[in-house]
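S.K.: Structure in structure tokens, see below.
Just so it is clear, none of the values below were taken in a lab; they were calculated from the coordinates. Quantities reported herein were computed from a predicted structural model and do not represent experimental measurements. Here the Cβ positions follow ideal geometry from the backbone for every residue, glycine too, while neighbour counts run over all protein chains shown.
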Amino acid sequence: MYNAQMIKLGSERSVIREIFEYGNARAAQIGRENVFDFSIGNPNVPAPESVTQELKRLIDEMPPEKLHGYTSAAGLAEVRSAVADYLVRTFGAPMRSDLIYMTCGAAASLIISFSALAEEGDEFVVVAPYFPEYAVFIRAAGGIVRTAYAGEDFHLDMASLDAAIGPRTKAVVINSPNNPSGAVYSAEELSALADLLRRKSAERGAPVFLISDEPYRELVYDCDVPYVANFYDDTIICYSFSKSLSLPGERIGYVAVSARCKDAEQLFAAVCGAGRFHGFVCAPALFQRVIAANLGKSSDVAVYRGNRDILYAGLTRAGFSCVMPEGAFYLFMRAPGGDAAAFCERAKRYELLLVPSDSFGVEGYVRISYCVSRETIERSLPAFAALAKEYFRR
Ligand code: PLP
């Protein structure tokens, strides 16, 4: 009687949400300050003051019927121009305002991009560990998910990508800075990936597109985030302001089709069609205007950097094995004993709430979201140390 696929999606156990709810229940019992909830990627750093100011200015100065009215499906012309100008000015990127489509965040950017590209039998390659919703969106768009694996350091492994990309591959999805590993791909590895994709496109006789999912672009600590569209022509950027400006509940982002894509205008028409197909009438009008005045800004990254440093130092001192995250606000740690779910259960005894890696497409790790207060990190370290003692003889 109802759509079975939707019932399955709607009732599937969301591991992260379950942990988050467990944390809330536990906080009611023993006090919020005694629960170390590292489950969810909700930015804890406030949006920059300039966001609040622009919001106030717009509310004070613009007639409400104009401020809250529909915009064109692709977004306000002046906002699309501001985004394209920013990308050209900052990265020298091959972007044009008529190829920018404003969206309700990266999630919408992704489903629109997959839907714009997917034809019967098309495959999409994701790099594990990966954001779990990729698989949901690719399947919803009618695509088939193929998995490549990152190397030990969570950077791109060209051999694995080479093996995963076949004659039916329509696109490869990358995410840098990465959720859940914190890896940031270097110019060298993006060049190598571009070479591989050019070779695969030639073999296939049609482009293998590169979809670059970039909600964490500005959240980076010790390195640059090279602009992916400058490395490879057939690139679609899926951007979001959810994390960079700490606005996840406001649902604002964009799709940028590189002007160098094969038949870019036709691809953009497919992007518009996909937005229509999914019922995205337009991105939130108020926040289109807000982000146009805040391009290139970010919440205070130093807070995340401090959290990362303290957490990494504490975990490695306790004996845990982890790769230093270069960006985003996640640390992906090896689960001692190899069974991530069992390790997470044991961590709960110390009120440490971690996410097992299985839903990210790999086994044997846990994700720790460090977008939490500094105090939570500091107070959690003795609990991590006690947990480590159960696994490591010192
Ligand atoms: N892509 C990645 C890698 C993410 O981590 C997230 C959210 O956590 C998204 C996309 C979705 O972001 P948005 O809130 O902008 O839809």
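S.K.: Can you give the FRET efficiency for ALA302 and ILE144, using 1/(1 + (r/R0)^6), R0 = 45 Å, r = Cβ-Cβ distance, to the nearest 0.05?
M.R.: 0.60
S.K.: Run the dipole for the chain about the Cα centre, Lys and Arg Cβ at +1, Asp and Glu Cβ at -1, nothing else charged, and hand back the magnitude in debye, nearest 20.
M.R.: The dipole magnitude comes to about 620 debye.
S.K.: If we count other beta carbons within 10 Å of each Cβ, what is the order of MET1, MET6, fewest first?
M.R.: MET1, MET6
S.K.: Here's another thing I want to ask about it. Taking neighbour Cβ counts within 10 Å as the exposure measure, how do HIS278, HIS68 sort from fewest upward?
M.R.: Neighbour counts put them in this order, fewest first: HIS68, HIS278.
S.K.: Here's another thing I want to ask about it. Ignoring everything except DSSP H segments at least 4 long, calculate the 222 nm mean residue ellipticity for the chain; use -39,500 (n - 2.57) per segment, divide by total residues, nearest 500.
M.R.: -13500 deg cm²/dmol
S.K.: Here's another thing I want to ask about it. For VAL208, list long-range residues whose amide hydrogen, built 1.01 Å from N in the peptide plane, is under 5 Å from its own amide hydrogen.
M.R.: Placed amide hydrogens put SER201 under 5 Å from VAL208.
S.K.: If I take R0 = 51 Å and measure r between the Cβ atoms of ARG204 and ASP339 in this structure, what FRET efficiency does the formula 1/(1 + (r/R0)^6) give, to the nearest 0.05?
M.R.: That pair, ARG204 with ASP339, gives E of 0.80.
S.K.: Quote the FRET efficiency, to the nearest 0.05, computed for ASP162 versus GLU61 with a Förster distance R0 of 45 Å and r equal to the Cβ-Cβ distance.
M.R.: So, using R0 = 45 Å, E works out to roughly 0.25.
S.K.: Taking amide H positions as placed in the peptide plane 1.01 Å from N, state which residues far from GLU326 in sequence (5 or more) or on other chains have amide H under 5 Å from it.
M.R.: Under 5 Å from the amide H of GLU326 lie the amide H atoms of ALA183, VAL184, each far enough along the sequence or on another chain.
S.K.: DSSP H helices in the chain with Cα extent of 15 Å or more along the helix axis and mean Kyte-Doolittle hydropathy at least -1.0?
M.R.: 15-30, 49-61, 77-91, 105-117, 187-204, 264-277, 301-318, 374-391
S.K.: Given Cα pairs under 8 Å that are at least 6 residues apart, what percent is the relative contact order of the range 50-292?
M.R.: 28
S.K.: Rank by packing, highest mean first: peptides 16-25, 209-218, 374-383, with packing defined as the count of other Cβ atoms within 10 Å averaged across residues.
M.R.: 209-218, 374-383, 16-25
S.K.: Decide, for the range 50-292, between rounded, prolate and oblate: order the square roots of the alpha carbon gyration tensor eigenvalues as a ≥ b ≥ c, take rounded if a/c falls under 1.5, and otherwise choose prolate if a/b is larger than b/c, else oblate.
M.R.: Verdict is prolate for the range 50-292.
S.K.: Sum up the charges of everything whose Cβ sits under 14 Å from the Cβ of LEU295, counting Lys and Arg as +1 and Asp and Glu as -1, but leave LEU295 out.
M.R.: With Lys, Arg at +1 and Asp, Glu at -1, the net is 0.
S.K.: Applying the Karplus parametrisation 6.51 cos²θ - 1.76 cosθ + 1.60 with θ = phi - 60° to the phi angles of the range 350-359, what ³J(HN,Hα) value in whole Hz is obtained for each residue in order, glycine and proline being reported as x?
M.R.: Calculated HN-Hα couplings, in order: 9, 6, 9, 9, 10, 10, x, 7, 4, 6 Hz.
S.K.: Based on other C-beta atoms within 10 Å, arrange THR52, THR71, THR235 from fewest to most.
M.R.: THR52, THR71, THR235
S.K.: Residues with amide H under 5 Å of ARG146's amide H, sequence separation 5 or more or different chain, H placed in the peptide plane at 1.01 Å from N; which?
M.R.: Amide H to amide H, under 5 Å and 5 or more residues apart or across chains, ARG146 pairs with PHE124, VAL125, VAL126.
S.K.: Among rounded, prolate and oblate, which fits the range 166-270 when a ≥ b ≥ c are the square roots of the eigenvalues of its C-alpha gyration tensor, a/c under 1.5 means rounded, and a/b larger than b/c means prolate?
M.R.: Here the range 166-270 falls in the oblate category.
S.K.: Could the peptides 287-296, 26-35 be put in order, highest first, of the mean number of other beta-carbon atoms found within 10 Å of their residues?
M.R.: Answer by packing, highest mean first, reads 287-296, 26-35.
S.K.: Simple spin-label model, 7 Å along Cα-to-Cβ: GLU12 to ARG317 in nm?
M.R.: Placing both labels 7 Å beyond Cα along the Cβ direction yields 4.0 nm.
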